[in-house]
């Protein structure tokens, strides 16, 4: 019996540790690298009031799209809120939004994982996402009642930039191509996308993998994310162990 | 004749574009990933008054060690200045130093390459590297006459941090395991170290490689640094094309 | 990312056949792309540019989700679930392509490593301001638009000169929420090629059949004509 | 990195055979490492800890230059030029090792992903301050020392209790330049195990043969004794 074995068949127990109201970051861009099995399990566990950090919500039927459709998302943090059901909840005061440029989102996640407290970027400077005019919450009649905080600015090297803080999350859902029991992960092509960053930013990183391999099967240079960032590994639905 | 061909046999011409007084970042940790061929060529081109950004200087006989020994380094920016000849120049007012924690150095290089103007880190907070007491320059008698600037601090999430700015460089010397004519690079094991960051931070990134391969020989997921970060590729001495 | 968001607004093509079609705008912009360059093609007319890039030109296309060397769409039945572009279409990779995570992908944009970023526009102003992400009555989504206008060596906006109602999209000041301030280096429309010059658009080229009068009527912002222009 | 820099200062072992040897300090610290943990071993006594980690414990060693799963030194003639540790020695990799660039390596440290960071020390203070990088009369080099004390879940300092002249390295306040302020969570010396408790070191354990009197004499800072201690 090895000391470290992050793999489990019991997806229910893994997902059970995520409480209502948790902050959860989800990897994936489109269906590429989207952890569908874990998102489904979370819906089946009937979790609600979630803060979801992901590039989009509702671009796909499953994943974050299902979470939104089932009304489980209290707050969305990301770049593309395109689920009509989420929009409706937003415009009737039942959900909130923090809209982020895509690159700022992933850099804030990386910063959280890398022990960087905050950073300056020119992205979003002099826009409504930085000047305190973008509504984060509406009342039941669709009137804005709260706004995203204005971002501090500073000129660096002659260029105006905004201050962006590290984005820490409680949990992350990650989709890998291959994983071993140490949690070493290998991704594949454009399915890598946000997956390393969400894992790094999370207190608890939960991975689903297409393939479960022996320790040593992934060459040292092919480990795209070392196991110390990973807490649990399950198999994607339909994948054979 | 392909449109993009960053490879050249003419190391002399590549190095000739580096003027006296240039700021040059060099990859490598120990001899692993150290671009020896390029450093030798720079010495042979007799360049002087260089600002060298690298983890150490003088830990090895060749590479930065040779540059220091031959008195070509006017300023060292890095974490380990261990060349006695550099120390002597420093203590007699002929060279300067900016001493950086190793992780801060690589993060500042990455920031430069990633369009991040500055960032906050807890590393070095409340130390002499952050409070303006560390000498950066001495007079001929070894008395400090200038000090590293004190670092701005800010409390983030209850933790005191210092502000660190992006570290841009004019040129970078990079050592790769494999390279193609597009400049796509693959590194090997612990020879990767600072090489991607120095390339990203540089206006002109010059690579030496152990092996020159055809476009497509490096799989998309094995390209550790895409070619758009790279300007020139030469073969390491002793490597066969 | 939905193609309906973060790109261009619907527009009006010159009725009398003067000027370029959408494809013509893309083709005209492509002519100015240097061979061997790295380029990101945003949603809208910029996506059409790919069709005019012959492989021999070695123009490598960056896709924000983590690709350099994005190729044509995948043939039916040959889609790879792990290869999609920024529009989430199944595409192919060209020889020499590389794939990486989103942090590096946006470092490439913000860090100034792309030669060109081509974007659609809802409005563009002669001071270089660009609005292309938030139109009235739509759920706002920003995607990578605000990142794409920061850092690339050239930021070109490709759009139709006028909206459906004939209103000019070439403005003194953008009325829609900005994507970036002062970021645009060149503008390609169905009526011509322009450069933001502060208080006016400098006319670089008129499209075939486009008169000076038509251009002045279709452009809200002042125009600055090159010396020898009639 | 030179082993002469960034590690411990030379020290005095108890003359009468009381207390642990340097190896003994390493072995004692190793007993407190959790199986299946990730640990960085700094220069000095911490390097010796690796010798007491049996493979079955699955304790993975992080090396700042971009390795998780650093293994024993390479046999002569089997050195791989691309596998060195933070001390630049040719080492091996264990099964399941991963290699990566320095930016990620330091993200691992600063980001709090290591379970333990074990460092040598020149001086450590009861407020948790550590000085281990700049001694008088040496060329100052800092390496990864200031990074290694930030972020790891536990920061343990392993050092000899007294310097060559008998002076205490367990101080009220460090006199040498700090590596980090208030960062130390535990201290292992040849005389015992301690925790910085603000105004005093809390005594966790005395090494064999070390009397309370010896400890009090050898420690500049006040000591806080556990309730039942004689």
Check: Which one of these does residue C:77 not meet: (1) at positive phi; (2) at pLDDT below 95?
Finding: (2)
Next item on the list: Quickly run through segment C:162-175 and pick out the residues that are within 14 Å of chain A (Cβ to nearest Cβ) and either out of contact with any strand residue (DSSP E or B) (no Cβ under 7 Å at 6 or more places or on another chain) or surrounded by fewer than 19 Cβ atoms within 10 Å (Cβ to Cβ) (or both).
Entry: C:173, C:175
Next item on the list: With the condition kept exactly as written, say whether any residue in segment C:84-92 is at pLDDT 95 or above, under 27 Å from residue B:185 (Cβ atoms) and in contact with a helix residue (DSSP H, G or I) (Cβ under 6 Å, 6 or more places away or on another chain).
Entry: yes
Next item on the list: Would you point out which residue out of A:159, A:181 is in contact (Cβ under 8 Å) with a residue 24 or more places away in the chain, over 22 Å from the mean Cα position of the chain (by Cα) and within 14 Å of chain D (Cβ to nearest Cβ)?
Entry: A:181
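Listed here are the residues, each with its yes/no results for (1) modelled with pLDDT of 90 or more; (2) in contact with a helix residue (DSSP H, G or I) (Cβ under 7 Å, 6 or more places away or on another chain); (3) farther than 16 Å from residue D:86 by Cα.
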{"site": "D:5", "(1), (2), (3)": "no, no, no"}
{"site": "D:26", "(1), (2), (3)": "yes, yes, yes"}
{"site": "D:36", "(1), (2), (3)": "yes, no, yes"}
{"site": "D:40", "(1), (2), (3)": "yes, yes, no"}
{"site": "D:48", "(1), (2), (3)": "yes, yes, no"}
Margin query: Every residue in segment C:68-79 that is more than 8 Å from chain B (Cβ to nearest Cβ) and either touching a helix residue (DSSP H, G or I) at 6+ places or on another chain (Cβ under 7 Å) or under 14 Å from residue C:40 (Cβ atoms) (or both), please.
Written below: C:70
Notebook entry, point to check: If only one of B:154, B:178, B:159 is under 30 Å from residue D:92 (Cβ atoms) and surrounded by fewer than 24 Cβ atoms within 10 Å (Cβ to Cβ), which one is it?
Noted result: B:178
Notebook entry, point to check: Among the residues of segment C:186-214, how many are crowded, with 16+ Cβ neighbours inside 10 Å, out of contact with any helix residue (DSSP H, G or I) (no Cβ under 7 Å at 6 or more places or on another chain) and part of a loop (DSSP other than H, G, I, E, B)?
Noted result: 4
Next item on the list: Scan (1) over 19 Å from the mean Cα position of the chain (by Cα); (2) outside any strand (DSSP E or B); (3) at positive phi; (4) within 14 Å of chain A (Cβ to nearest Cβ) for the single condition residue D:151 breaks and write down its number.
Entry: (1)
Next item on the list: Please find, within segment D:176-185, the residue that is farthest from the chain's Cα centre (by Cα) out of those that are surrounded by fewer than 24 Cβ atoms within 10 Å (Cβ to Cβ), farther than 13 Å from residue D:142 by Cβ and more than 7 Å from chain B (Cβ to nearest Cβ).
Entry: D:182
Next item on the list: Filter segment C:80-99 down to the residues that are surrounded by fewer than 18 Cβ atoms within 10 Å (Cβ to Cβ) and closer than 20 Å to residue B:227 by Cα, then identify the one that is nearest to the other protein chains (Cβ to nearest Cβ).
Entry: C:95
Notebook entry, point to check: Where residues in segment A:202-220 are buried (at least 21 other Cβ atoms within 10 Å of the Cβ) and at the interface with another protein chain (Cβ under 9 Å from one of its Cβ atoms), which of them is nearest to residue B:224 (Cα to Cα)?
Noted result: A:220
Item checked: Residue under evaluation residue B:169, criteria (1) more than 26 Å from residue C:109 (Cα to Cα); (2) away from every other protein chain (no Cβ under 12 Å); (3) under 23 Å from the mean Cα position of the chain (by Cα), criterion not met -> (1)
Next item on the list: Tell me, please, whether a residue that is over 26 Å from residue B:112 (Cβ atoms), at pLDDT 95 or above and either within 9 Å of chain A (Cβ to nearest Cβ) or buried (at least 24 other Cβ atoms within 10 Å of the Cβ) (or both) can be found in segment D:100-110.
Entry: no
Margin query: Are there helices (runs of 4 or more DSSP H) fully within segment B:46-133 with at least 1 residues that are within 14 Å of chain C (Cβ to nearest Cβ) and either more than 30 Å from residue A:104 (Cβ to Cβ) or free of Cβ contacts under 8 Å to residues at least 24 places away in the same chain (or both)? List them.
Written below: none
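The values are calculated or read from the model by the stated rules, or taken from the named source; none is laboratory data. As the structure is a prediction and not an experimental result, all values here were calculated from the model. Note that we place each Cβ from the backbone using ideal geometry, even for glycine, and neighbour counts take in every protein chain shown.
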